[in-house]
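First the structure, in the form of structure tokens, and then the observations on it.
The values are calculated or read from the model by the stated rules, or taken from the named source; none is laboratory data. All of these numbers come straight from a predicted model, not from anything done at the bench. Virtual Cβ from ideal backbone geometry, glycine too; neighbours counted across all protein chains shown. Note: accessible area is taken over every heavy atom of the protein model, side chains too, but ligands, DNA and RNA are not part of it. Shrake-Rupley method; radii C 1.70, N 1.55, O 1.52, S 1.80 Å.
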Amino acid sequence: MEEKYVSEAVIRRLPRYYRYLGELIDEGVDHISSQELSERMSVTASQIRQDLNNFGGFGQQGYGYNVINLRDSIGKILGLDKQYNIIMIGGGNLGRAIANYGNFRKKGFNFIAIFDRNKDIVGTRINDIDVYSLDDLESFVLKNKVDIAALAIPKNVSKEIASKLVNLGVKAFWNFSHTELSLGDDVLVENVHLSESLMSLSYRISHK
């Protein structure tokens, strides 16, 4: 059976639903209506219903959504019921900050190695993650299951290293390297531009 097409906009909203539902669980909320959820998230109730209807019916008219069940279901849709091995390429300030964020592991994203050219940090550990020389990248990937490569390196070397990883079998990239990477139709790339988020905030401040 052919999988139903889901728009990128809907996919982008799913992590927000997951996060807000987690906050509701922490508050002890058992059930919530789409209208109540919309007031918290600043998304219309009809948009919430349309988004969730892409994946089947979760709510019950007059009853709303069971918060725990809905969060678990969205987690499975997002693949958070699985474990992912991640390697970080780049142990500088940004790579270090990402590796030090402990919440990733709770959601199944396990950083198993960091690679860098800086001899001062090779052989050390960042948040209990071993830092290896970039020269050891190929042998490590051939010996270990790597689901995702996170790139926190200068853009002038990101394409070369990413292409090498693709040839080694890595098919998913979380790219912070200030350039858009396109690595083929069978390779997934999430390009992250932190400055764009800040510029969006700047626009909102300027036009308030």
key: Filtered residue count, region 103-117, keeping only those that are open to solvent by 70 Å² or more (accessible area, probe 1.4 Å) and more than 18 Å from the chain's Cα centre (by Cα)   = 1
note = From the option list SER139, SER177, SER182, single residue qualifying as out of contact with any strand residue (DSSP E or B) (no Cβ under 8 Å at 6 or more places or on another chain) and outside any strand (DSSP E or B) is SER139
ask   = Would it be correct to say that VAL146 is assigned to a loop (DSSP other than H, G, I, E, B) and at pLDDT 95 or above?
value = yes
task = Starting from region 110-123, keep only residues that are part of a loop (DSSP other than H, G, I, E, B), then list their pairs with residues that are of a type in the set (Ser, Thr, Tyr) whose Cβ atoms are within a distance under 7 Å, requiring at least 6 positions of separation or different chains.
result = VAL122/TYR132; VAL122/SER133
request  = State yes or no: is LEU137 crowded, with 16+ Cβ neighbours inside 10 Å, touching a residue at least 12 places away in the same chain (Cβ under 8 Å) and among the hydrophobic types (A, V, I, L, M, F, W, C)?
outcome  = yes
note = Per the filter on region 31-53, residues among the small types (Gly, Ala, Ser) and crowded, with 16+ Cβ neighbours inside 10 Å are SER33, SER34, SER38
message = crowded, with 17+ Cβ neighbours inside 10 Å and farther than 19 Å from GLY108 by Cα: is that true of LEU201 in this structure?
response = no
query = Just checking, how many residues over region 1-45 are small (Gly, Ala, Ser), part of a loop (DSSP other than H, G, I, E, B) and either touching a residue at least 24 places away in the same chain (Cβ under 8 Å) or over 17 Å from ARG71 (Cβ atoms) (or both)?
reply = 3
Checking GLN83 against (1) surrounded by 12 or more Cβ atoms within 10 Å (Cβ to Cβ); (2) over 15 Å from the mean Cα position of the chain (by Cα), the condition it does not meet = (2)
